[in-house]
Each structure stands twice: as structure tokens, then as C-alpha cells.
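Have a look at the structure below, then the notes.
The values are calculated or read from the model by the stated rules, or taken from the named source; none is laboratory data. Not measured: the values here are computed from a predicted model. For neighbour counting, all protein chains shown are included, and Cβ atoms are generated from backbone atoms with ideal geometry for every residue, glycine included.
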Amino acid sequence: MFKNEQGMTLLEVILMILVLSVGLTGVLVYFIQGVKNSSNSQIATVANVLAQDLMEEIRSKCWDETSTTVAPCGGTVTASTIGADGGETRATYDDVDDFNGLSNSPPKDSQGNSMPAAFNDYTRAVSVCYVASSDLNTCIGGTSNYKKITVTVSWGSVGDNVQLVNVVTNH
């Protein structure tokens, strides 16, 4: 009269396996996505540090070689010249606009030496231009008392980059 029901039937085992596999698949999708995103954030953090490092190097330089109001550098180059002055190398850049057009991969330090191999997948590029006080986003053809510095660090596929923008003034 009384059945001794210990254990599971084959049908119950199959149903349990089916339910667990469907449930675990959903959980594993989120787990795998989380692992992928953690490496992306680490790469972006390294790129951000590389961008900040270069921006600080640039900001430590004079506004212009002919500047008399902010950290004068001396020299004979007119304020309208954007880019490295004749004969200057990365190690001798002395004002912020000397960095215009700088692009190196792998990144190089302030003396022009390549950084450790861990940074080989990154490219750093700099753009410097004059901007008007009324529109600090748009480069102008002439001169002004404002220079916009844009440091871009890119890696991987197209569109993977970090960009820092800073405006410096001669006031």
C-alpha cells in the first residue's frame, strides 16, 4: 500500500537538466559580458592616464615663445606660428603650440623615448589651434589670446579613443 518513493525518475532528471541549462545560459551571458567590459574599462583607463600625462606636459610649457604675461620663454618667433619652431624636437618643445601635429605610436615620453611595450597598442595625437573668446570650440585662422589643446589617445578599432580638451590663455 505504501510506496517507497526514493530517488528521481528519468523524466524528472531530464526536466531538471533542461531548466538548469536554460537558467544558467542567461546568467552566463551576463557574466561573459561583464568580463569583456572589465577589460574595456581597464584599456580606457590606461588611455586616459596617457592622455592626462601628455596634457600635463603640454600645460607645463609657456603659452608662447613671445609671451610676456605668462611664463615668458624668450625667442623671436611671432605669436601667430602654430607648430614646432625651426629645429625643435620633442625634447626641446618650449611652448604649447609646438605640440601641434604630434602623433606617435607607441607613445613616447617627454624626451622622445618610446614608452614600455605595454603601451604599444596606443597612439597619442595632439592638435593645437587659436580660438576666439566668444567660441572656445571652433578653431580660427588668425591669432587670439586663447589656444585650444586637444589630446587624443586611440587604440584598437576605429572609434576607440579618449580625448582631453583644454583651453589656455595669455592673460
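Quick notes on this one:
- Of all residues in the stretch 95-132, those that are more than 26 Å from SER144 (Cβ to Cβ) and not in a strand (DSSP E or B) total 15.
- Among the candidates THR89, THR66, the residue that is surrounded by 17 or more Cβ atoms within 10 Å (Cβ to Cβ), out of contact with any Pro (no Cβ under 6 Å at 6 or more places or on another chain) and modelled with pLDDT under 85 is uniquely THR66.
Here is a yes/no grid of residues against (1) under 20 Å from GLU56 (Cα atoms); (2) polar (S, T, N, Q); (3) more than 13 Å from the chain's Cα centre (by Cα):
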position	(1), (2), (3)
LYS108	yes, no, yes
GLN111	yes, yes, yes
ALA117	no, no, yes
SER134	no, yes, yes
TRP155	no, no, no
GLN163	yes, yes, no
THR169	yes, yes, yes
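- Selection from the stretch 112-153 of residues that are among the aromatic types (Phe, Trp, Tyr) and touching a strand residue (DSSP E or B) at 6+ places or on another chain (Cβ under 9 Å): TYR122, TYR130, TYR146
- Of residues in the stretch 133-165 being surrounded by 15 or more Cβ atoms within 10 Å (Cβ to Cβ), in a strand (DSSP E or B) and among the polar types (S, T, N, Q), the one modelled with the lowest pLDDT: ASN161
- The requirement of being in contact (Cβ under 8 Å) with a residue 60 or more places away in the chain, surrounded by 10 or more Cβ atoms within 10 Å (Cβ to Cβ), in contact with a Gly (Cβ under 8 Å, 6 or more places away or on another chain) and not polar (S, T, N, Q) is not satisfied by ILE58.
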